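**Q** I have a structure I would like to understand better, so I am pasting it below and will then ask my questions one at a time.
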Amino acid sequence: MDMYSDVLIIGTGIAGLYSALNISSNLNIIILSKSEAYECDTYLAQGGISTALNEEDKKSFVLDTLKAGHFKNNKKSVQILADESIESISNLSKLGVEFDIKNNDFDYTREGAHSVNRIVHSTDKTGKAVFDTLYSNVIKKKNINLIENTCIFNLITENNQCFGAIGIHNNKIYNFHSKITILASGGIGGIFKNSTNQKTLTADGISIAVRNHIELKDINYIQFHPTALYEKKPLNRNFLISESVRGEGAKLLNINNKRFVNELLPRDVVANAIYNEELKSKSNYVYLDLSSMDGNFIRKRFPLIYKGCMERGLDITKEKIPVTPVQHYFMGGIKVNLNGRTSMKNLYAAGEISNTGVHGANRLASNSLLEGLVFSKRAAININNTILNITLKCIKTNLTFETALNEIQKNKQIAIETFQTALGGKKDELVTI
């Protein structure tokens, strides 16, 4: 089966959807989702989106991002992130995202390693609010065809040029021919035993990049979130307790109810402090104490977290939350330039699968959705300015269904082996096929 488009976008998170909305309406776009469109990490995001407060705050925002990333960041990328942040939030508001308001302005909150309150949010369901808004705008566009439940397992290439991708949909093999392809396939949490990510995010984009000799960068930079709810047997993914809870005043206590760390230090520092405290006390968790907050405030400010914990038999207005670090975010990825271009011609990457250099060795809290907005739009603008010079070229691929399934299994193995190598051969946290 063959399908044709000017632009093929693989992924329905913030980067995939927002890039589609910024690509010229004169271009035919196909967007593919591996499962249901909402099954992306964007949908799960709780805390919010970072933004410079004003021109004066941009310098501080840049410095906070560099400090959190241990100055391993690309300074040009970080400056772009800060410079284009205010416009990005304004554009989301215009599209229909309803951020929390206080005194006729955004109700800015604070998270770890930020020097000021600069995070906009929609209670603790910011990702859902953003996804729902972008998705509703995308499906209204006549030039966009969004196809769910489509597993991409390779690119269509020739002489280091991309001409689309190959995938399975409804038990049939499809060749998705395109002039431009954007990989926005998300993170890697699905290959970890303990992760806040959707289980479908199994590093597909990374394995495809490895197989096609596309340049990667910093794939050993993997972030563990300090505070996931501790459960002996999580039902699916680990339930995140947003950093914004600590931003509103919650304290971390060991099992002896003693505070042991500044809760608003960078994520890697806090996660390591918790891990070391667990080792010292021979415990599987520490406590997050919300007793400084009024119960009504907790229910109103954190409805998702309150409900999720109640469903698990925990009333966070009365009880401390047992928490532990788990895999959360991938700072490395497919190396891209400031416009999202990869080392393969006609192939772009955006969102968590890409490495723009923004995050360095440790992502500053709530910079993920902002990066998806800023750099997916830059990619879209670059595509608008260059696609007229590109001719659609269809390369015939002949694969049996059984061969395609084997290719998918090979991708999983490649992803696992790639990250085992990047992590120095450690296997305890990675799943097996």
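**Q** What residues qualify as long-range amide H neighbours of GLU111, i.e. H under 5 Å apart, gap of 5 or more or another chain, H built at 1.01 Å from N?
**A** HN-HN under 5 Å from GLU111: ARG118.
**Q** Right, something else. Which one, LEU21, LEU423, LEU338, has the greatest fluctuation when you compute a Gaussian network model over the chain with C-alpha springs under 10 angstrom?
**A** Looking only at LEU21, LEU423, LEU338, the largest GNM fluctuation is found for LEU423.
**Q** Restricting to the chain, what percent of DSSP beta bridges are antiparallel, rounded to 5? Present the calculation step by step, with values, prior to reporting the outcome.
**A** Working: 36 of 59 bridges.
Taking every DSSP beta bridge within the chain, about 60 percent pair in antiparallel fashion.
**Q** Here's something else I'd like to know. Which residue, ILE168, ILE86, ILE395, has the most motion in a Gaussian network model of the chain that connects Cα atoms within less than 10 Å?
**A** ILE395
**Q** May I ask for the angle, rounded to the nearest 10°, between helix 58-68 and the longest principal axis of the chain, with both axes built from Cα atoms and the value confined to 0 to 90°?
**A** 80
**Q** Express in whole angstrom the spacing between the alpha-carbon centres of segment 55-80 and segment 208-267.
**A** The two parts, judged by their Cα centres, are 21 Å apart.
**Q** Which part of segment 149-183 falls in the paramagnetic zone of HIS213, meaning amide N under 11 Å from the point 7 Å along Cα-to-beta-carbon?
**A** Correct set: 159-161.
**Q** Sorting check: for 182-195, 399-412, which peptide has the highest mean count of neighbouring beta carbons within 10 Å, and how do the rest follow? Kindly include the intermediate steps, with their values, before the conclusion.
**A** On the way: 182-195: 26.7, 399-412: 14.6.
Taking the mean over residues of other Cβ atoms within 10 Å, the ranking is 182-195, 399-412.
**Q** Can you list the HN-Hα couplings for segment 274-282, worked out from phi with the Karplus curve (6.51, -1.76, 1.60; θ = phi - 60°), rounded to whole Hz and with x for Gly and Pro?
**A** 5, 4, 5, 5, 5, 5, 5, 8, 6
**Q** Rounded to whole Hz and in sequence order, give me ³J(HN,Hα) for segment 356-366 from the Karplus expression 6.51 cos²θ - 1.76 cosθ + 1.60, θ = phi - 60°, writing x for Gly and Pro.
**A** Each residue's phi maps through the Karplus curve to give 8, x, 5, 8, x, 8, 7, 6, 5, 3, 6 Hz.
**Q** Got a sec to turn the phi values of segment 169-186 into Karplus ³J(HN,Hα) couplings, 6.51 cos²θ - 1.76 cosθ + 1.60 with θ = phi - 60°, whole Hz, x for Gly and Pro?
**A** Rounded to whole hertz, the list is 9, 6, 6, 10, 8, 10, 9, 9, 7, 8, 6, 10, 10, 10, 8, 9, 8, x.
**Q** Per q in 0.06, 0.12, 0.14 1/Å, what log10 I(q)/I(0) does a Debye calculation on the alpha-carbon atoms of the chain return?
**A** -0.24, -0.96, -1.29
**Q** When you count, for each residue, the other Cβ atoms within 10 Å and take the mean per peptide, how do 88-97, 63-72 rank with the highest first?
**A** With the highest mean Cβ count within 10 Å placed first, the list reads 63-72, 88-97.
**Q** Determine the percent antiparallel among the DSSP beta bridges restricted to segment 223-359, to the nearest 5.
**A** Details: 14 of 16 bridges.
Counting only bridges with both partners in segment 223-359, antiparallel ones make up about 90 percent.
**Q** From a point 7 Å beyond the Cα of LEU95 in the direction of its Cβ, which residues of segment 360-380 have a backbone N at a distance under 14 Å?
**A** Backbone N within reach: 369-380.
Bear in mind these aren't lab numbers, they're just calculated from the coordinates by the rules spelled out. Please read all numbers here as calculations on a predicted model, not as lab measurements. When we count neighbours, we look across all protein chains shown, and the Cβ atoms used for this are built from the backbone with ideal geometry, even at glycine.
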